[in-house]
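Enquirer: Before anything else, here's the structure in question.
The values are calculated or read from the model by the stated rules, or taken from the named source; none is laboratory data. Every value quoted in this text rests on a predicted model; they were computed, and no experiment measured them. Quick reminder, even Gly has a Cβ in these numbers, built from the backbone with ideal geometry, and neighbours come from all protein chains shown. With ligands, DNA and RNA removed, areas are computed over all heavy atoms of the protein, side chains included. Shrake-Rupley method; radii C 1.70, N 1.55, O 1.52, S 1.80 Å.
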Amino acid sequence: MDWKQKLKYNLHGLPSSYQRAKLVALFVSICSLLYHIAICIFFKFINITPMFYYNFVSISVFLTISILIPRLKSYIAVYLVSFFEIITHQLMAEYFLGSYTSFHSIIILLGLLPFIIFENKKRYALPITIISSIIYIFYSCRNIEARSDVEQSLLYIVRCMNISITVFIIIFVVLIYTHVVDKIESYLKTHSDTLENEIKMAAVIQQNFFRQEIDDIKKYEVAYFSRPMVGVSGDLYDFYKTGEKLDGLGVFDVSGHGISSGLVTMLVKNIIHQEFYNEKESELWEIVNKINDRVIAEKGEIQNYLTGVLVRLYEEQIELVDAGHPAPIIYKKETGECKYVELGKKSVGVIGIAGFPVYYESMFYDFQDGDELILFSDGVVDIKNEKDEYFGKERLLEAVKLNIGKAAAEQVSFIANSIYSFCGKREQNDDLTIIVLKK
(Lines give C-alpha, C1' and ligand atoms only; values in the text may rest on other atoms or scores of the structure.)
Protein backbone atom coordinates (compact mmCIF):
# COMPACT_ATOMS: atom_id res chain seq x y z
CA MET A 1 0.00 0.00 0.00
CA ASP A 2 1.54 3.34 -1.07
CA TRP A 3 1.33 6.53 0.98
CA LYS A 4 -1.72 7.85 -0.94
CA GLN A 5 -3.69 4.71 -0.21
CA LYS A 6 -2.61 4.78 3.43
CA LEU A 7 -3.65 8.44 3.67
CA LYS A 8 -7.04 7.70 2.14
CA TYR A 9 -7.49 4.69 4.40
CA ASN A 10 -6.65 6.69 7.53
CA LEU A 11 -8.93 9.54 6.54
CA HIS A 12 -11.91 7.20 6.20
CA GLY A 13 -11.09 5.68 9.57
CA LEU A 14 -9.59 7.68 12.41
CA PRO A 15 -6.57 9.49 10.96
CA SER A 16 -3.66 10.28 13.20
CA SER A 17 -2.62 13.87 13.77
CA TYR A 18 0.45 13.18 11.59
CA GLN A 19 -1.72 11.95 8.71
CA ARG A 20 -3.99 14.99 9.01
CA ALA A 21 -0.96 17.29 9.05
CA LYS A 22 0.41 15.51 5.95
CA LEU A 23 -2.89 15.89 4.11
CA VAL A 24 -3.17 19.61 4.87
CA ALA A 25 0.52 20.25 4.06
CA LEU A 26 0.27 18.38 0.77
CA PHE A 27 -2.94 20.13 -0.23
CA VAL A 28 -1.59 23.60 0.60
CA SER A 29 1.73 22.99 -1.19
CA ILE A 30 -0.06 21.74 -4.35
CA CYS A 31 -2.42 24.73 -4.24
CA SER A 32 0.57 27.04 -3.83
CA LEU A 33 2.34 25.38 -6.76
CA LEU A 34 -0.68 25.79 -9.04
CA TYR A 35 -1.20 29.32 -7.79
CA HIS A 36 2.38 30.33 -8.60
CA ILE A 37 2.18 28.77 -12.05
CA ALA A 38 -0.98 30.75 -12.76
CA ILE A 39 0.41 33.97 -11.32
CA CYS A 40 3.66 33.48 -13.27
CA ILE A 41 1.66 33.37 -16.50
CA PHE A 42 -0.28 36.41 -15.34
CA PHE A 43 2.86 38.47 -14.69
CA LYS A 44 4.20 37.49 -18.10
CA PHE A 45 0.92 38.62 -19.63
CA ILE A 46 1.01 42.03 -17.94
CA ASN A 47 4.74 42.32 -18.61
CA ILE A 48 6.07 42.66 -15.03
CA THR A 49 9.43 40.98 -15.66
CA PRO A 50 10.84 40.88 -12.06
CA MET A 51 7.79 39.01 -10.78
CA PHE A 52 7.71 36.72 -13.82
CA TYR A 53 11.25 35.50 -13.14
CA TYR A 54 10.80 35.40 -9.38
CA ASN A 55 7.86 33.05 -9.79
CA PHE A 56 10.18 30.44 -11.28
CA VAL A 57 11.87 30.39 -7.86
CA SER A 58 8.46 30.02 -6.20
CA ILE A 59 7.45 27.20 -8.54
CA SER A 60 10.71 25.37 -7.89
CA VAL A 61 10.27 25.72 -4.11
CA PHE A 62 6.71 24.35 -4.02
CA LEU A 63 7.39 21.62 -6.56
CA THR A 64 10.24 20.40 -4.33
CA ILE A 65 8.11 20.67 -1.19
CA SER A 66 5.23 18.74 -2.81
CA ILE A 67 7.63 15.91 -3.67
CA LEU A 68 9.25 15.88 -0.21
CA ILE A 69 6.12 16.04 1.98
CA PRO A 70 5.16 12.32 1.74
CA ARG A 71 8.68 11.39 2.90
CA LEU A 72 9.01 13.84 5.77
CA LYS A 73 8.30 13.22 9.46
CA SER A 74 8.36 16.90 10.39
CA TYR A 75 7.21 19.88 8.33
CA ILE A 76 8.85 22.67 10.29
CA ALA A 77 11.84 23.19 7.96
CA VAL A 78 9.84 23.13 4.72
CA TYR A 79 7.21 25.35 6.24
CA LEU A 80 9.80 27.96 7.19
CA VAL A 81 11.12 27.91 3.62
CA SER A 82 7.63 28.37 2.20
CA PHE A 83 6.86 30.96 4.89
CA PHE A 84 9.67 33.29 3.82
CA GLU A 85 9.07 32.60 0.13
CA ILE A 86 5.37 33.45 0.27
CA ILE A 87 5.90 36.60 2.33
CA THR A 88 8.59 37.77 -0.09
CA HIS A 89 6.34 36.96 -3.06
CA GLN A 90 3.27 38.68 -1.59
CA LEU A 91 5.13 41.85 -0.64
CA MET A 92 6.86 42.11 -4.03
CA ALA A 93 3.54 41.55 -5.82
CA GLU A 94 1.83 44.19 -3.70
CA TYR A 95 4.67 46.60 -4.45
CA PHE A 96 3.99 46.29 -8.21
CA LEU A 97 0.20 45.94 -8.20
CA GLY A 98 -0.83 47.84 -5.05
CA SER A 99 -2.97 47.08 -2.01
CA TYR A 100 -6.18 46.65 -3.98
CA THR A 101 -5.11 43.22 -5.22
CA SER A 102 -5.07 41.88 -1.61
CA PHE A 103 -1.92 39.84 -2.08
CA HIS A 104 -1.31 40.22 1.65
CA SER A 105 -4.54 38.30 2.46
CA ILE A 106 -2.69 35.01 1.95
CA ILE A 107 -0.22 36.00 4.69
CA ILE A 108 -2.91 35.46 7.33
CA LEU A 109 -2.97 31.79 6.34
CA LEU A 110 0.67 31.49 7.29
CA GLY A 111 -0.18 32.22 10.90
CA LEU A 112 -2.97 29.65 11.10
CA LEU A 113 -1.58 26.59 9.36
CA PRO A 114 1.42 25.88 11.65
CA PHE A 115 -0.93 24.95 14.51
CA ILE A 116 -2.24 22.19 12.25
CA ILE A 117 0.87 21.17 10.33
CA PHE A 118 3.39 21.21 13.19
CA GLU A 119 1.47 18.45 15.01
CA ASN A 120 3.02 18.12 18.51
CA LYS A 121 5.59 20.90 18.04
CA LYS A 122 3.20 23.80 18.32
CA ARG A 123 5.64 25.93 20.29
CA TYR A 124 7.25 26.75 16.93
CA ALA A 125 3.91 27.90 15.57
CA LEU A 126 3.43 30.90 17.86
CA PRO A 127 6.38 32.99 16.58
CA ILE A 128 5.22 32.41 12.99
CA THR A 129 1.68 33.43 13.93
CA ILE A 130 2.93 36.63 15.56
CA ILE A 131 5.15 37.59 12.60
CA SER A 132 2.52 36.86 9.95
CA SER A 133 -0.17 38.70 11.96
CA ILE A 134 1.99 41.80 12.33
CA ILE A 135 2.76 41.82 8.59
CA TYR A 136 -0.88 41.26 7.70
CA ILE A 137 -2.13 44.03 10.02
CA PHE A 138 0.58 46.41 8.81
CA TYR A 139 -0.27 45.96 5.11
CA SER A 140 -4.01 45.93 5.74
CA CYS A 141 -3.68 49.42 7.26
CA ARG A 142 -1.73 50.77 4.27
CA ASN A 143 -2.90 51.83 0.84
CA ILE A 144 -0.11 51.10 -1.65
CA GLU A 145 -0.63 52.42 -5.15
CA ALA A 146 0.15 50.19 -8.13
CA ARG A 147 3.55 50.93 -9.69
CA SER A 148 2.66 49.21 -12.95
CA ASP A 149 0.14 50.28 -15.51
CA VAL A 150 -2.43 47.48 -15.29
CA GLU A 151 -6.10 47.59 -16.21
CA GLN A 152 -8.49 47.85 -13.29
CA SER A 153 -10.41 44.77 -14.44
CA LEU A 154 -7.25 42.66 -14.23
CA LEU A 155 -6.51 43.97 -10.76
CA TYR A 156 -10.05 43.03 -9.78
CA ILE A 157 -9.52 39.49 -11.08
CA VAL A 158 -6.28 39.17 -9.08
CA ARG A 159 -7.99 40.53 -5.97
CA CYS A 160 -10.80 37.99 -6.28
CA MET A 161 -8.30 35.20 -6.90
CA ASN A 162 -6.19 36.06 -3.84
CA ILE A 163 -9.18 36.36 -1.52
CA SER A 164 -10.78 33.21 -2.96
CA ILE A 165 -7.75 30.99 -2.54
CA THR A 166 -7.34 32.19 1.06
CA VAL A 167 -10.99 31.47 1.86
CA PHE A 168 -10.88 28.16 -0.03
CA ILE A 169 -7.91 26.83 1.94
CA ILE A 170 -9.48 27.89 5.25
CA ILE A 171 -12.75 26.16 4.32
CA PHE A 172 -10.85 23.05 3.24
CA VAL A 173 -9.00 22.83 6.54
CA VAL A 174 -12.22 23.43 8.51
CA LEU A 175 -13.99 20.69 6.54
CA ILE A 176 -11.14 18.25 7.11
CA TYR A 177 -11.22 18.82 10.85
CA THR A 178 -15.02 18.86 10.98
CA HIS A 179 -14.96 15.49 9.23
CA VAL A 180 -12.40 14.21 11.72
CA VAL A 181 -14.40 15.50 14.71
CA ASP A 182 -17.56 13.85 13.37
CA LYS A 183 -15.68 10.58 12.91
CA ILE A 184 -14.24 10.76 16.41
CA GLU A 185 -17.60 11.62 17.96
CA SER A 186 -19.23 8.71 16.12
CA TYR A 187 -16.40 6.41 17.14
CA LEU A 188 -16.55 7.50 20.77
CA LYS A 189 -20.33 7.20 20.94
CA THR A 190 -20.26 3.68 19.51
CA HIS A 191 -17.50 2.60 21.87
CA SER A 192 -19.07 4.45 24.77
CA ASP A 193 -22.35 2.58 24.27
CA THR A 194 -20.47 -0.70 23.96
CA LEU A 195 -18.39 0.03 27.05
CA GLU A 196 -21.47 1.07 29.02
CA ASN A 197 -23.19 -2.21 28.14
CA GLU A 198 -20.07 -4.17 29.08
CA ILE A 199 -19.84 -2.35 32.41
CA LYS A 200 -23.50 -3.09 33.13
CA MET A 201 -22.94 -6.75 32.28
CA ALA A 202 -19.78 -6.86 34.40
CA ALA A 203 -21.69 -5.27 37.29
CA VAL A 204 -24.45 -7.87 37.05
CA ILE A 205 -21.88 -10.69 36.94
CA GLN A 206 -20.02 -9.25 39.93
CA GLN A 207 -23.20 -8.77 41.97
CA ASN A 208 -24.29 -12.35 41.27
CA PHE A 209 -20.80 -13.55 42.14
CA PHE A 210 -20.91 -11.74 45.51
CA ARG A 211 -24.55 -12.50 46.36
CA GLN A 212 -25.03 -14.73 49.39
CA GLU A 213 -27.99 -15.83 51.49
CA ILE A 214 -27.48 -14.41 54.98
CA ASP A 215 -31.06 -14.48 56.28
CA ASP A 216 -30.73 -18.07 57.53
CA ILE A 217 -27.73 -17.40 59.80
CA LYS A 218 -28.18 -18.45 63.41
CA LYS A 219 -27.05 -16.37 66.41
CA TYR A 220 -26.19 -13.32 64.24
CA GLU A 221 -28.07 -10.64 62.40
CA VAL A 222 -26.26 -9.28 59.34
CA ALA A 223 -27.12 -6.45 56.95
CA TYR A 224 -25.04 -4.66 54.37
CA PHE A 225 -25.13 -1.83 51.87
CA SER A 226 -22.78 -1.59 48.88
CA ARG A 227 -22.86 0.88 46.02
CA PRO A 228 -20.08 1.26 43.42
CA MET A 229 -18.87 4.62 42.17
CA VAL A 230 -19.35 3.22 38.65
CA GLY A 231 -21.03 0.01 37.53
CA VAL A 232 -18.32 -2.32 38.82
CA SER A 233 -17.15 -2.04 42.41
CA GLY A 234 -13.64 -2.20 43.82
CA ASP A 235 -15.09 -3.02 47.24
CA LEU A 236 -15.30 -6.67 48.24
CA TYR A 237 -17.51 -7.91 51.06
CA ASP A 238 -17.84 -11.56 51.93
CA PHE A 239 -19.44 -13.87 54.50
CA TYR A 240 -17.99 -17.25 55.40
CA LYS A 241 -20.62 -19.80 56.36
CA THR A 242 -20.94 -23.46 57.19
CA GLY A 243 -24.61 -24.23 56.73
CA GLU A 244 -26.46 -21.85 59.06
CA LYS A 245 -23.34 -21.03 61.04
CA LEU A 246 -21.48 -17.81 60.32
CA ASP A 247 -17.74 -18.45 60.62
CA GLY A 248 -16.52 -15.01 59.66
CA LEU A 249 -16.81 -12.03 57.37
CA GLY A 250 -14.65 -9.41 55.74
CA VAL A 251 -14.63 -6.18 53.83
CA PHE A 252 -11.83 -5.27 51.42
CA ASP A 253 -11.10 -2.30 49.17
CA VAL A 254 -9.10 -2.77 45.96
CA SER A 255 -7.14 0.27 44.79
CA GLY A 256 -8.47 2.07 41.75
CA HIS A 257 -11.96 2.10 40.27
CA GLY A 258 -13.87 0.51 37.44
CA ILE A 259 -13.52 -2.78 35.63
CA SER A 260 -9.87 -3.48 36.48
CA SER A 261 -10.38 -3.19 40.24
CA GLY A 262 -13.68 -5.05 39.93
CA LEU A 263 -11.94 -7.99 38.26
CA VAL A 264 -9.32 -8.03 41.02
CA THR A 265 -12.08 -8.29 43.64
CA MET A 266 -13.32 -11.46 41.94
CA LEU A 267 -9.80 -12.90 41.97
CA VAL A 268 -9.09 -12.13 45.62
CA LYS A 269 -12.53 -13.26 46.79
CA ASN A 270 -11.67 -16.84 45.88
CA ILE A 271 -8.21 -16.57 47.42
CA ILE A 272 -9.52 -15.20 50.73
CA HIS A 273 -12.35 -17.73 50.90
CA GLN A 274 -10.02 -20.66 50.19
CA GLU A 275 -7.38 -19.61 52.70
CA PHE A 276 -9.97 -18.84 55.38
CA TYR A 277 -11.12 -22.48 55.32
CA ASN A 278 -7.80 -24.14 54.40
CA GLU A 279 -6.18 -22.88 57.60
CA LYS A 280 -8.84 -23.44 60.24
CA GLU A 281 -6.26 -24.22 62.91
CA SER A 282 -4.09 -21.16 62.15
CA GLU A 283 -4.57 -17.75 63.68
CA LEU A 284 -6.10 -15.15 61.44
CA TRP A 285 -2.88 -13.16 61.04
CA GLU A 286 -1.22 -16.25 59.53
CA ILE A 287 -4.11 -16.61 57.11
CA VAL A 288 -3.80 -12.96 56.02
CA ASN A 289 -0.08 -13.52 55.44
CA LYS A 290 -0.86 -16.41 53.10
CA ILE A 291 -3.57 -14.36 51.39
CA ASN A 292 -1.01 -11.62 50.78
CA ASP A 293 1.48 -14.09 49.27
CA ARG A 294 -1.13 -15.63 46.99
CA VAL A 295 -2.53 -12.30 45.81
CA ILE A 296 0.98 -11.13 44.87
CA ALA A 297 1.69 -14.37 43.01
CA GLU A 298 -1.64 -14.73 41.20
CA LYS A 299 -2.30 -11.16 40.09
CA GLY A 300 1.10 -11.05 38.36
CA GLU A 301 1.87 -7.66 36.79
CA ILE A 302 -1.44 -6.11 37.86
CA GLN A 303 -0.60 -3.08 40.02
CA ASN A 304 -3.74 -3.06 42.18
CA TYR A 305 -3.42 -3.77 45.88
CA LEU A 306 -6.07 -3.97 48.58
CA THR A 307 -6.77 -3.05 52.16
CA GLY A 308 -9.18 -4.96 54.32
CA VAL A 309 -10.53 -6.25 57.61
CA LEU A 310 -10.96 -9.99 58.07
CA VAL A 311 -13.01 -11.28 61.02
CA ARG A 312 -13.39 -14.79 62.44
CA LEU A 313 -16.21 -15.59 64.86
CA TYR A 314 -16.02 -17.81 67.95
CA GLU A 315 -18.66 -18.64 70.54
CA GLU A 316 -17.85 -15.73 72.84
CA GLN A 317 -15.16 -13.85 70.88
CA ILE A 318 -14.22 -12.35 67.55
CA GLU A 319 -10.74 -12.42 66.03
CA LEU A 320 -9.93 -9.46 63.79
CA VAL A 321 -7.00 -8.57 61.51
CA ASP A 322 -6.77 -5.16 59.91
CA ALA A 323 -4.58 -4.80 56.78
CA GLY A 324 -4.24 -1.08 56.21
CA HIS A 325 -8.01 -0.56 56.30
CA PRO A 326 -10.09 1.99 58.28
CA ALA A 327 -10.73 0.68 61.79
CA PRO A 328 -14.22 -0.82 62.27
CA ILE A 329 -16.65 0.32 64.97
CA ILE A 330 -17.47 -1.98 67.89
CA TYR A 331 -20.44 -1.64 70.22
CA LYS A 332 -20.60 -3.33 73.64
CA LYS A 333 -24.18 -3.64 74.89
CA GLU A 334 -23.19 -4.29 78.50
CA THR A 335 -21.32 -1.00 78.88
CA GLY A 336 -23.10 0.98 76.16
CA GLU A 337 -19.69 1.89 74.71
CA CYS A 338 -19.56 2.50 70.94
CA LYS A 339 -16.18 3.39 69.47
CA TYR A 340 -13.64 2.65 66.78
CA VAL A 341 -11.42 -0.36 67.32
CA GLU A 342 -8.02 0.80 68.53
CA LEU A 343 -5.58 -0.62 66.02
CA GLY A 344 -2.40 0.99 67.35
CA LYS A 345 0.59 -0.51 65.51
CA LYS A 346 -0.59 -4.10 65.69
CA SER A 347 -0.70 -4.52 61.89
CA VAL A 348 1.41 -2.80 59.25
CA GLY A 349 0.94 -2.99 55.50
CA VAL A 350 -1.69 -3.62 52.87
CA ILE A 351 -2.24 -6.76 50.76
CA GLY A 352 -0.77 -7.42 47.33
CA ILE A 353 2.38 -5.27 47.00
CA ALA A 354 5.44 -7.34 46.15
CA GLY A 355 8.59 -6.53 48.13
CA PHE A 356 6.68 -4.47 50.68
CA PRO A 357 7.26 -5.66 54.28
CA VAL A 358 4.04 -6.44 56.15
CA TYR A 359 3.21 -7.43 59.70
CA TYR A 360 -0.25 -8.60 60.65
CA GLU A 361 -1.48 -9.31 64.16
CA SER A 362 -4.74 -10.80 65.41
CA MET A 363 -6.85 -8.82 67.86
CA PHE A 364 -9.39 -10.62 70.06
CA TYR A 365 -12.55 -9.05 71.52
CA ASP A 366 -15.29 -10.48 73.69
CA PHE A 367 -18.50 -10.54 71.69
CA GLN A 368 -21.71 -11.18 73.61
CA ASP A 369 -25.41 -11.05 72.77
CA GLY A 370 -26.38 -7.55 71.67
CA ASP A 371 -22.83 -6.57 70.75
CA GLU A 372 -22.23 -5.19 67.25
CA LEU A 373 -19.41 -4.78 64.75
CA ILE A 374 -19.68 -2.23 61.93
CA LEU A 375 -17.31 -2.63 58.98
CA PHE A 376 -17.02 -0.11 56.16
CA SER A 377 -14.81 0.91 53.24
CA ASP A 378 -12.89 4.18 53.15
CA GLY A 379 -15.32 5.61 50.59
CA VAL A 380 -17.81 6.03 53.45
CA VAL A 381 -15.69 8.48 55.44
CA ASP A 382 -14.01 10.05 52.38
CA ILE A 383 -17.20 11.04 50.58
CA LYS A 384 -17.59 14.83 50.24
CA ASN A 385 -20.49 17.24 50.17
CA GLU A 386 -21.00 20.27 47.95
CA LYS A 387 -18.87 22.37 50.33
CA ASP A 388 -15.96 19.96 49.79
CA GLU A 389 -16.24 18.68 53.39
CA TYR A 390 -15.58 15.04 54.22
CA PHE A 391 -18.29 12.94 55.84
CA GLY A 392 -15.52 11.79 58.16
CA LYS A 393 -15.18 9.36 61.03
CA GLU A 394 -17.00 11.53 63.58
CA ARG A 395 -20.17 11.82 61.50
CA LEU A 396 -20.12 8.10 60.80
CA LEU A 397 -19.77 7.27 64.49
CA GLU A 398 -22.61 9.64 65.33
CA ALA A 399 -24.85 8.03 62.68
CA VAL A 400 -24.05 4.60 64.13
CA LYS A 401 -24.81 5.69 67.71
CA LEU A 402 -28.19 7.18 66.77
CA ASN A 403 -29.57 3.76 65.76
CA ILE A 404 -27.42 1.33 67.70
CA GLY A 405 -29.36 -1.61 69.09
CA LYS A 406 -32.02 -1.52 66.37
CA ALA A 407 -32.35 -4.17 63.65
CA ALA A 408 -29.19 -4.46 61.53
CA ALA A 409 -31.07 -3.68 58.30
CA GLU A 410 -32.55 -0.54 59.85
CA GLN A 411 -29.12 0.60 61.01
CA VAL A 412 -27.54 0.11 57.59
CA SER A 413 -30.39 1.99 55.91
CA PHE A 414 -30.06 4.90 58.35
CA ILE A 415 -26.28 5.15 57.89
CA ALA A 416 -26.62 5.09 54.06
CA ASN A 417 -29.34 7.76 54.15
CA SER A 418 -27.16 9.92 56.45
CA ILE A 419 -24.29 9.70 53.97
CA TYR A 420 -26.36 10.67 50.94
CA SER A 421 -28.17 13.42 52.81
CA PHE A 422 -24.76 14.83 53.70
CA CYS A 423 -23.26 14.75 50.21
CA GLY A 424 -26.41 16.15 48.55
CA LYS A 425 -26.15 16.41 44.77
CA ARG A 426 -22.43 15.77 44.71
CA GLU A 427 -21.56 12.44 43.12
CA GLN A 428 -19.75 9.88 45.22
CA ASN A 429 -16.00 9.73 44.61
CA ASP A 430 -15.41 6.13 45.71
CA ASP A 431 -17.16 2.81 46.20
CA LEU A 432 -19.23 2.57 49.39
CA THR A 433 -19.71 -0.52 51.55
CA ILE A 434 -21.19 -0.85 55.05
CA ILE A 435 -21.74 -4.08 57.02
CA VAL A 436 -23.50 -4.33 60.37
CA LEU A 437 -22.95 -7.53 62.34
CA LYS A 438 -25.15 -7.93 65.41
CA LYS A 439 -25.04 -10.89 67.77
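Enquirer: Could you list all residues from region 352-380 that are within 18 Å of Q411 (Cα to Cα) and over 25 Å from the mean Cα position of the chain (by Cα)?
Expert: Within region 352-380, D369, G370, D371, E372, L373, I374, L375, F376 meet the criteria.
Enquirer: Of everything in region 291-314 that's among the acidic types (D, E) and free of Cβ contacts under 8 Å to residues at least 24 places away in the same chain, which residue is nearest to L236 (Cα to Cα)? Walk me through it before giving the result.
Expert: Residues of region 291-314 that are among the acidic types (D, E), as a first pass: 293, 298, 301.
Narrowing further to those that are free of Cβ contacts under 8 Å to residues at least 24 places away in the same chain: 293, 301.
On the way: D293: 18, E301: 21 Å.
By that ranking, first place goes to D293.
Enquirer: Here's another thing I want to ask about it. Answer with yes or no whether K219 is at pLDDT 90 or above, in a loop (DSSP other than H, G, I, E, B) and closer than 30 Å to V381 by Cβ. Outline the logic, then answer.
Expert: On the way: at pLDDT 90 or above: yes; in a loop (DSSP other than H, G, I, E, B): yes; closer than 30 Å to V381 by Cβ: yes.
Considered against the rule, which asks whether it is at pLDDT 90 or above, in a loop (DSSP other than H, G, I, E, B) and closer than 30 Å to V381 by Cβ, K219 comes out as yes.
Enquirer: Could you please let me know if N55 is at pLDDT 85 or above and open to solvent by 60 Å² or more (accessible area, probe 1.4 Å)? Talk me through it step by step, then tell me what you get.
Expert: Numbers: at pLDDT 85 or above: yes; open to solvent by 60 Å² or more (accessible area, probe 1.4 Å): no.
When the stated conditions are applied, N55 does not pass them.
Enquirer: So, in region 121-158, of the ones that are open to solvent by less than 90 Å² (accessible area, probe 1.4 Å) and of a type in the set (S, T, Y), which residue ends up farthest from Q90 (Cα to Cα)?
Expert: Across region 121-158, the extreme among qualifying residues is S153.
Enquirer: Same structure again: Checking D322 against (1) within 29 Å of L432 (Cβ to Cβ); (2) open to solvent by 70 Å² or more (accessible area, probe 1.4 Å): exactly one of these is not met. Which one?
Expert: (2)
Enquirer: Consider only pairs whose beta carbons are under 8 Å apart and that are at least six residues apart or on different chains; among these, list those whose first residue lies in region 381-402 and is under 19 Å from I330 (Cβ atoms) and without any contact (Cβ under 8 Å) to a residue 24 or more places away in the chain and whose second residue is open to solvent by 20 Å² or more (accessible area, probe 1.4 Å) and assigned to a helix (DSSP H, G or I).
Expert: A399/F414; A399/S418; L402/F414
Enquirer: Still on this model: Take region 397-439 and flag every residue that is out of contact with any Cys (no Cβ under 6 Å at 6 or more places or on another chain), part of a loop (DSSP other than H, G, I, E, B) and farther than 23 Å from S261 by Cβ. Spell out how you get there, then give the answer.
Expert: Applying the first criterion (out of contact with any Cys (no Cβ under 6 Å at 6 or more places or on another chain)) to region 397-439 yields 397-400, 402-403, 405-439.
Remaining after also requiring part of a loop (DSSP other than H, G, I, E, B): 405-407, 424-431, 439.
Hits for region 397-439 are G405, K406, A407, G424, K425, K439.
Residues are listed down the side, and each one gets a yes or a no for (1) buried (at least 19 other Cβ atoms within 10 Å of the Cβ); (2) touching a strand residue (DSSP E or B) at 6+ places or on another chain (Cβ under 6 Å); (3) in contact (Cβ under 8 Å) with a residue 24 or more places away in the chain:
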{"site": "I65", "(1), (2), (3)": "yes, no, yes"}
{"site": "L68", "(1), (2), (3)": "no, no, no"}
{"site": "I87", "(1), (2), (3)": "no, no, yes"}
{"site": "L91", "(1), (2), (3)": "no, no, yes"}
{"site": "L113", "(1), (2), (3)": "yes, no, yes"}
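Enquirer: Condition (residue is without any contact (Cβ under 8 Å) to a residue 24 or more places away in the chain, of a type in the set (D, E, K, R) and not in a helix (DSSP H, G or I)) applied to region 127-142: is it met by at least one residue?
Expert: Initial filter on region 127-142 (without any contact (Cβ under 8 Å) to a residue 24 or more places away in the chain): 127, 129-131, 134, 137-138, 141.
Checking which are of a type in the set (D, E, K, R) leaves us with none.
Checking region 127-142: not a single residue is without any contact (Cβ under 8 Å) to a residue 24 or more places away in the chain, of a type in the set (D, E, K, R) and not in a helix (DSSP H, G or I).
Enquirer: Still on this structure, please answer the following. Let me confirm something: among V358, V350, which residue is open to solvent by 10 Å² or more (accessible area, probe 1.4 Å) and closer than 18 Å to F376 by Cβ?
Expert: On the way: V358 fails: closer than 18 Å to F376 by Cβ.
Residue meeting the stated conditions: V350.
Enquirer: When you check E301 against the structure, is it acidic (D, E), more than 29 Å from the chain's Cα centre (by Cα) and not in a helix (DSSP H, G or I), yes or no? Lay out the reasoning, then the answer.
Expert: On the way: acidic (D, E): yes; more than 29 Å from the chain's Cα centre (by Cα): no; not in a helix (DSSP H, G or I): yes.
So E301 fails the test.
Enquirer: What are the residues in region 306-350 that are out of contact with any strand residue (DSSP E or B) (no Cβ under 7 Å at 6 or more places or on another chain) and outside any strand (DSSP E or B), if any?
Expert: Listed by number, the residues that qualify are Y314, E315, K333, E334, T335, G336, E342, G344, K345.
Enquirer: Could you grab me the full set of residues in region 247-261 that are surrounded by 20 or more Cβ atoms within 10 Å (Cβ to Cβ) and out of contact with any helix residue (DSSP H, G or I) (no Cβ under 9 Å at 6 or more places or on another chain)?
Expert: First, pick out the residues of region 247-261 that are surrounded by 20 or more Cβ atoms within 10 Å (Cβ to Cβ): 248-254, 261.
Passing the criteria: L249, V251, S261.
Enquirer: Of all residues in region 304-319, which are under 38 Å from the mean Cα position of the chain (by Cα) and crowded, with 21+ Cβ neighbours inside 10 Å? Outline the logic, then answer.
Expert: Kept after step one, since they are under 38 Å from the mean Cα position of the chain (by Cα), are these residues of region 304-319: 304-311.
Answer for region 304-319, where residues must be under 38 Å from the mean Cα position of the chain (by Cα) and crowded, with 21+ Cβ neighbours inside 10 Å: Y305, L306, G308, V309, L310, V311.
Enquirer: Please identify the pairs in which a residue from region 266-281 that is surrounded by 13 or more Cβ atoms within 10 Å (Cβ to Cβ) has its Cβ atom under 8 Å from the Cβ atom of a residue that is β-branched (V, I, T) and not in a helix (DSSP H, G or I), counting only partners at least 6 apart or on another chain.
Expert: The qualifying pairs are V268/V254; V268/I351.
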